[in-house]
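Visitor: Quick one: the structure is below, questions incoming.
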């Protein structure tokens with residue numbers, strides 16, 4: 001395995017681990033409820049009225 | 001099955017899954033089930049009556065602009081994971097608004113290429129309208145507005161604004177300057193998409209900007225076997241996103257559609273999940289150039 005390939009894989013793994021940690025942290029502090037609440041009501045800004 | 005047909009079928013299937021509540025177009029109601037807590041990897045307004053999932057750009061702004069939070073770990077983590085795994089494959093194969101733009105591009109008309117400078121506009125939109133304004137421009141309660149959705153997003157106007165105002169007279173009565181602004185942006189975007197392939201993806205899409213940055217390291221990537229490449233230029237000529245896959249296989253503009261791989265006469269371009277050395281083996285290319293001359 002060449003060095004540049006090794007570095008690429010390390011970066012990919014680091015980003016994936018960071019992504020999972022962020023999802024877990026965001027879920028833990030209740031962001032999903034905010035997303036759901038916004039998504040199930042008419043978003044006036046999205047449709048051009050807000 | 002041809003790559004182009006396979007891609008179109010997957011785009012239609014993705015569109016169907018993420019907009020599976022078509023009967024809501026008649027009633028003007030939104031789907032309110034549990035799926036709405038998850039983000040769509042592509043751009044699909046959550047105020048579209050048929051939408052099954054939440055729009056990631058809208059969700060990111062909604063969380064960051066809420067009173068409790070200034071940053072959405074959940075949405076950014078999701079986009080990071082999807083981007084590292086697939087990069088802009090999402091744009092090319094999954095995004096509902098991408099499919100819509102491609103359908104507009106099929107309208108017979110002269111076709112144009114976009115100067116490269118315009119592709120940088122989307123990064124400015126990502127920073128200003130998606131990241132900064134929802135957090136910085138807050139009201140007395142500390143709540144920010146989803147600025148991209150409010151002032152720009154043509155997908156929201158098309159999938160959400162038009163169906164909702166068509167089915168709700170009270171919403172129709174409330175339309176004003178902002179609706180006019182967004183309708184103008186939508187009409188200009190649609191017109192531009194007729195003449196320029198995926199105009200919105202190239203110039204305005206903040207989601208494309210995020211995935212584009214992650215294209216550089218995505219696990220699903222494009223490899224060019226430089227031993228086999230004869231530098232005939234067919235791949236660059238075929239690419240509607242104006243990318244030269246031989247020079248920049250990890251370009252932020254590449255939507256991994258696979259048109260270049262299908263056009264390559266030597267099968268030197270491969271797309272897939274590989275941990276092998278990207279853009280492998282380089283040689284002088286003297287043999288290849290000789291063969292390219294023969295082919296031409």
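Visitor: Just to confirm the number: angle between the C-alpha axis of helix B:177-195 and the first principal axis of chain B, 0 to 90 degrees, nearest 10?
Guide: 20 degrees
Visitor: To the nearest Å, what is the center-to-center distance of the range A:19-38 and the range B:1-72, using C-alpha atoms only?
Guide: 17 Å
Visitor: Let me ask something else about it. Which three numbers, in whole Å and largest first, are the semi-axes of the equivalent ellipsoid of the range B:79-180 derived from its Cα gyration tensor as √(5λ)? Please list the in-between numbers first.
Guide: On the way: eigenvalues 145, 103, 45 Å².
Whole-Å semi-axes of the equivalent ellipsoid: 27, 23, 15.
Visitor: Right, something else. Quick check: the angle from helix B:73-86's long axis to the longest principal axis of chain B, C-alpha only, nearest 10 degrees?
Guide: Tilt relative to chain B: about 20 degrees.
Visitor: Choose one answer from B:46, B:220, B:140: the residue with the largest mean-square fluctuation in a GNM of chain B with alpha-carbon springs under 10 Å.
Guide: Evaluated over chain B, the most mobile residue of the options is B:140.
Visitor: Working only with C-alpha atoms, what are the Rg and Dmax values of the range B:1-137, expressed in angstrom?
Guide: Calculated on Cα positions, Rg and Dmax stand at 16.7, 51 Å.
Visitor: Among B:157, B:167, B:203, which one shows the highest mean-square fluctuation when chain B is modelled as a Gaussian network with alpha-carbon springs under 10 Å?
Guide: Greatest mean-square fluctuation among the candidates belongs to B:167.
Visitor: Per DSSP H run of at least 4 residues, take -39500 (n - 2.57); add these up for chain B, divide by its residues and hand me the 222 nm value, nearest 500 deg cm²/dmol.
Guide: Counting only the DSSP helices, I get -12500 deg cm²/dmol.
Visitor: Compute the normalised compactness of the range B:212-271: alpha-carbon radius of gyration over 2.2 N^0.38 Å, N being the residue count.
Guide: 1.00
Visitor: Mind checking the log10 I(q)/I(0) for the range B:150-231 at q = 0.16, 0.18, 0.21 Å⁻¹? Debye, one equal scatterer per Cα, no solvent, two decimals.
Guide: Once normalised to I(0) and log-transformed, intensities are -0.76, -0.86, -1.00.
Visitor: If you average 1/r over every pair of different alpha-carbon atoms in the protein assembly as shown and take one over that average, what Kirkwood value in Å do you get?
Guide: 21.1 Å
Visitor: A follow-up question, please. Using a/c under 1.5 as the rounded threshold, could you call chain A rounded, prolate or oblate? The axes a ≥ b ≥ c are square roots of the C-alpha gyration tensor eigenvalues, and prolate needs a/b larger than b/c, oblate otherwise.
Guide: Note, shape of chain A comes out oblate.
Visitor: Taking the Cα centre of each part, how many Å lie between the range B:194-210 and the range B:96-160?
Guide: Measuring centre to centre over Cα atoms gives 8 Å.
Visitor: Starting from a Cα-only point model with no solvent, please compute log10 I(q)/I(0) by Debye for chain B at q = 0.10, 0.12, 0.13 1/Å.
Guide: -0.58, -0.81, -0.93
Visitor: Hey, what angle do you get for helix B:286-295 against the long axis of chain B, alpha-carbon based, 0 to 90 degrees rounded to 10?
Guide: The angle comes out at about 80 degrees.
Visitor: Considering all alpha-carbon pairs of the range B:185-228, what whole percent are spaced by more than 14 angstrom?
Guide: Pairs farther apart than 14 Å: 61 percent.
Just so you know, all these numbers are worked out from the coordinates, no wet-lab data involved. None of these values were measured; they are calculated from a predicted model.
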